[in-house]
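Visitor: What follows is a structure written as structure tokens; I'll ask about it next.
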Amino acid sequence: MFMYDFIMVFIGLIILILGVLIGVAFLTLLERKVLGYIQIRKGPNKVGLMGILQPFSDAIKLFSKEQTYPMFSNYMSYYFSPVISFLLSLMIWMLMPYYFNLMSFNLGILFFLCCTSLGVYTVMIAGWSSNSNYALLGGLRAVAQTISYEVSLSLILLSSIIMIMDFSLLNFIFYQDKIWFLFLMIPLSMCWLSSSLAETNRTPFDFAEGESELVSGFNVEYSSGGFALIFLAEYSSILFMSMLFTLIYLGGYNLSLLFYMKLTFISFLFIWVRGTLPRYRYDKLMYLAWKSYLPISLNFMMFYLGLKIFLF
């Protein structure tokens, strides 16, 4: 019986990962379409009906290109860091709080923080092992940025944890039955949204890929499969951050179309921001993390702690 359960959970996880990968494929299509309309032009519209097969032709093109690597790179770490980055971004999806057939984490939020912290190393190693000055600079920027925003992210999360007094993501739905946490903590949710933009290296915080000064950032030496894996990892983490925002602030997980619509809307916000805002200045980014978000999240944490003690 135990073996049967194990196999069913494993099959469930495989289906979840396939779903995530298809979601990532169509998120890239959505991004290109939305950016197209923002810039008053058509998005990709040639491959298939209205360009719907475009992501698949992109994937085939990327994975069938020749894999090049720099002569003086540290080959093993250069080769495996995108793979590990991709695996980590898929591992976090194990937290998706389904009611049936999948793992249920009592310490889900801690697992999320551990996996995102490990993601920093893959970027750093990818930048360093390419043995290119541009890649190294991009990697260092990404590490500094991600570490800074992880601090504020975890402190913002602490406020929500104090509200439900549990690390399990499944419990957020019970506490948001009458009112969403978005209305109880609007400033914090906005801080979370912009911190997750910085955490996933998205515009206006995409300094790791500063095209104007770093060519392409830490992934400048990657081609074909390696580049595709870095790309997939980035978009998978965007989808996951959207899912987490929906779980924590927009009513928790309920197995309905509305949940997925909320998730899609938050993902759309990521793209909308990319098409609208110019890139921030790097010192301002650090200033924002340490002198704005950190004090705000600490103050709110104390406030919600006091509220919890006072009410119960």
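The values are calculated or read from the model by the stated rules, or taken from the named source; none is laboratory data. Because the structure is a prediction, the values reported are computed rather than measured. No Cβ is skipped: glycine too gets one built from the backbone with ideal geometry, and neighbour counts run over all protein chains shown.
The rows are residues; the columns are (1) out of contact with any strand residue (DSSP E or B) (no Cβ under 8 Å at 6 or more places or on another chain); (2) within 23 Å of Asn171 (Cβ to Cβ); (3) of a type in the set (Gly, Ala, Ser); (4) surrounded by fewer than 22 Cβ atoms within 10 Å (Cβ to Cβ).
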position: Asn219; (1), (2), (3), (4): yes, no, no, no
position: Gly226; (1), (2), (3), (4): yes, no, yes, no
position: Leu232; (1), (2), (3), (4): yes, no, no, no
position: Ile238; (1), (2), (3), (4): yes, no, no, no
position: Met243; (1), (2), (3), (4): yes, yes, no, no
position: Gly251; (1), (2), (3), (4): yes, yes, yes, yes
position: Leu258; (1), (2), (3), (4): yes, yes, no, yes
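Visitor: Residues Tyr293, Tyr249, Tyr253: which one is more than 18 Å from Leu197 (Cα to Cα) and in contact (Cβ under 8 Å) with a residue 60 or more places away in the chain?
Guide: Values: Tyr293 fails: more than 18 Å from Leu197 (Cα to Cα); Tyr249 fails: more than 18 Å from Leu197 (Cα to Cα).
Testing whether each residue is more than 18 Å from Leu197 (Cα to Cα) and in contact (Cβ under 8 Å) with a residue 60 or more places away in the chain leaves just Tyr253.
Visitor: What number of residues within the range 31-46 satisfy the criterion of being surrounded by 15 or more Cβ atoms within 10 Å (Cβ to Cβ), out of contact with any Gly (no Cβ under 6 Å at 6 or more places or on another chain) and at pLDDT below 90?
Guide: Our first condition is that a residue be surrounded by 15 or more Cβ atoms within 10 Å (Cβ to Cβ); within the range 31-46, this holds for 31-36, 43-44.
Filter once more, so that each one left must be out of contact with any Gly (no Cβ under 6 Å at 6 or more places or on another chain): 31, 34.
Then keep just the ones that are at pLDDT below 90; that gives none.
Here the count works out to 0.
Quick grid of which residues meet (1) loosely packed, with under 15 Cβ neighbours inside 10 Å; (2) of a type in the set (S, T, N, Q); (3) in contact with a Gly (Cβ under 9 Å, 6 or more places away or on another chain); (4) part of a helix (DSSP H, G or I):
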{"position": "Ile60", "(1), (2), (3), (4)": "yes, no, no, yes"}
{"position": "Phe63", "(1), (2), (3), (4)": "yes, no, yes, yes"}
{"position": "Gln67", "(1), (2), (3), (4)": "yes, yes, yes, no"}
{"position": "Met76", "(1), (2), (3), (4)": "yes, no, no, yes"}
{"position": "Ser85", "(1), (2), (3), (4)": "no, yes, yes, yes"}
{"position": "Ser89", "(1), (2), (3), (4)": "no, yes, yes, yes"}
{"position": "Tyr98", "(1), (2), (3), (4)": "yes, no, yes, no"}
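Visitor: Which residue pairs have Cβ atoms under 8 Å apart, sit 6 or more places apart or on different chains, and have a first residue in the range 6-24 that is within 19 Å of Ala59 (Cα to Cα) and in contact (Cβ under 8 Å) with a residue 40 or more places away in the chain and a second that is among the aromatic types (Phe, Trp, Tyr) and part of a helix (DSSP H, G or I)?
Guide: Going by the 8 Å Cβ cut-off, the qualifying pairs are Ile17/Trp93; Val20/Trp93; Val24/Tyr235.
Visitor: Moving to a separate point now. Can you work out which of the residues in the range 220-258 that are of a type in the set (Ser, Thr, Tyr) and part of a helix (DSSP H, G or I) is nearest to the chain's Cα centre (by Cα)?
Guide: Let us first name the residues in the range 220-258 that are of a type in the set (Ser, Thr, Tyr), namely 222-224, 235-237, 242, 246, 249, 253, 256.
Narrowing further to those that are part of a helix (DSSP H, G or I): 224, 235-237, 242, 246, 249.
Numbers: Ser224: 22, Tyr235: 7, Ser236: 6, Ser237: 2, Ser242: 7, Thr246: 13, Tyr249: 16 Å.
Selected residue: Ser237.
Visitor: List the pairs whose first member sits in the range 111-133 and is touching a residue at least 24 places away in the same chain (Cβ under 8 Å) and aromatic (Phe, Trp, Tyr), whose second member is buried (at least 19 other Cβ atoms within 10 Å of the Cβ) and not in a helix (DSSP H, G or I), and whose Cβ atoms are under 6 Å apart, counting only residues at least 6 apart or on separate chains?
Guide: Matching pairs, first to second residue: none at all.
Visitor: Among (1) farther than 23 Å from Ser73 by Cβ; (2) in contact (Cβ under 8 Å) with a residue 60 or more places away in the chain, where does Ile186 come up short?
Guide: (2)
Visitor: Select, from Leu197, Leu188, Leu158, the only residue that is modelled with pLDDT of 85 or more and surrounded by fewer than 21 Cβ atoms within 10 Å (Cβ to Cβ). Break it down stepwise before answering.
Guide: Details: Leu197 fails: surrounded by fewer than 21 Cβ atoms within 10 Å (Cβ to Cβ); Leu188 fails: surrounded by fewer than 21 Cβ atoms within 10 Å (Cβ to Cβ).
Within the list Leu197, Leu188, Leu158, the selection yields Leu158.
Visitor: Okay, moving on. Among the residues that make up the range 35-48, is at least one of them without any contact (Cβ under 8 Å) to a residue 12 or more places away in the chain, more than 26 Å from Asn201 (Cβ to Cβ), among the hydrophobic types (A, V, I, L, M, F, W, C) and part of a loop (DSSP other than H, G, I, E, B)?
Guide: Quick first cut of the range 35-48, residues without any contact (Cβ under 8 Å) to a residue 12 or more places away in the chain only: 36-37, 40-42, 45-48.
Filter once more, so that each one left must be more than 26 Å from Asn201 (Cβ to Cβ): 40, 42, 45-48.
Then keep just the ones that are among the hydrophobic types (A, V, I, L, M, F, W, C); that gives 40, 47.
Still in the list and also part of a loop (DSSP other than H, G, I, E, B): 40, 47.
Scanning the range 35-48 turns up at least one residue that is without any contact (Cβ under 8 Å) to a residue 12 or more places away in the chain, more than 26 Å from Asn201 (Cβ to Cβ), among the hydrophobic types (A, V, I, L, M, F, W, C) and part of a loop (DSSP other than H, G, I, E, B).
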